[in-house]
1. So how far apart, in nm, are the two label points at Val28 and Lys140 if each is 7 Å from Cα heading toward Cβ?
2. Given R₀ = 22 Å, FRET efficiency for Asp47-Asp76 by Cβ-Cβ distance, to 0.05?
3. If the viscosity is 0.890 mPa s and the temperature 25 °C, what translational diffusion coefficient in µm²/s does Stokes-Einstein give for the range 1-98 when Rh comes from Kirkwood over Cα pairs?
4. Evaluate the charge dipole of the range 14-128 about its Cα centre and quote only its size in Debye, nearest 20, assuming +1 on the Cβ of each Lys and Arg and -1 on the Cβ of each Asp and Glu.
5. Considering all alpha-carbon pairs of the chain, what whole percent are spaced by more than 20 angstrom?
6. Going by accessible area, probe 1.4 Å, with all protein chains left in place, what is the ranking of Trp146, Trp96, largest first?
7. Mind checking which lysines have their Cα closer than 22 Å to the Cα of Lys124? Skip sequence neighbours fewer than 8 apart in that chain.
8. May I ask you to give the solvent-accessible area per residue for the chain, in square angstrom, as obtained with a 1.4 angstrom probe?
Amino acid sequence: MDKATTFPIPLSGYEIEGLTGIDAPRLVALYRACSDYIVLERGQPPDAASVDEEFENFPPNRTEADKFVFGLKTADGEFVGLLACDRDYPRAGCWWISLLMIDKACRGRGLARALCDGFFIWLKSQHVQRVELGVLVENKQALRFWQVRGFEPIRIAGPVSIGAKQHMIQVFGRSL
Ligand SMILES: CC(C)(COP(=O)(O)OP(=O)(O)OC[C@H]1O[C@@H](n2cnc3c(N)ncnc32)[C@H](O)[C@@H]1OP(=O)(O)O)[C@@H](O)C(=O)NCCC(=O)NCCS
């Protein structure tokens, strides 16, 4: 599976682009448009290095080859959302979502729902059986978002240091 992989989403006027580290500068505006979340996560606003980190941070025993970053674009090429994940983590057949975020100005319109629906249909077509992820316990909206999508709590991890902050993480999982 190459990094330019893409998948359809059930929403007209938007498309998905598979991204690599060389695309990081194209995502800086989106990170700024999600600065509320970056501040919640790291205690400081995003900069160019925050975007690079998305492509350079891997879970234990995983590499760049297992990292997939998908950008959600409008028809005129503006990034309004991002989905980053790690293949076969924490075990084969399970993908780990490391980040889902939507431009603050575009939230509440069903973009994240459509992005996840399309992504999960595509994962199933690739014979992936399960998805897991971690949500910052203080991110009440995200806890609700994933529970509505059928994710079940597995365990609480932490405390984990991210930037200037310490977090407890709610780990969720869902079979596809
Ligand atoms: C969580 C997030 C991705 C949701 O994106 P979104 O495009 O606004 O979500 P959608 O419009 O697809 O809405 C999804 C659901 O959440 C609900 N929702 C959306 N915004 C909401 C809000 N402000 N308050 C309450 N519910 C809300 C919708 O009603 C919808 O519910 P449904 O599926 O039962 O119909 C977005 O708020 C975001 O980027 N937050 C910052 C980053 C973040 O927290 N990411 C998650 C980290 S794991």
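The values are calculated or read from the model by the stated rules, or taken from the named source; none is laboratory data. Remember, it's a predicted structure, so these values are computed and weren't measured experimentally. Cβ atoms come from the backbone with ideal geometry, glycine included; neighbour counts cover every protein chain shown. For accessibility, only protein heavy atoms count, side chains too; no ligands or nucleic acids. Shrake-Rupley method; radii C 1.70, N 1.55, O 1.52, S 1.80 Å.
1. In this crude label model, Val28 to Lys140 measures out at 3.5 nm.
2. Values: r = 26 Å, r/R0 = 1.16.
Efficiency, rounded to the nearest 0.05: 0.30.
3. On the way: Rh = 14.2 Å.
Reported coefficient: 173 µm²/s.
4. On the way: 13 positive and 18 negative charges, 88 e Å.
Computed charge dipole of the range 14-128: roughly 420 debye.
5. Working: 7893 of 15400 pairs.
Summing the P(r) of the chain above 20 Å gives 51 percent of all pairs.
6. Working: Trp146 15, Trp96 50 Å².
Descending order: Trp96, Trp146.
7. Lys3, Lys67
8. Working: 8720 Å² over 176 residues.
Using a 1.4 Å probe on heavy atoms only, each residue of the chain averages 50 Å².
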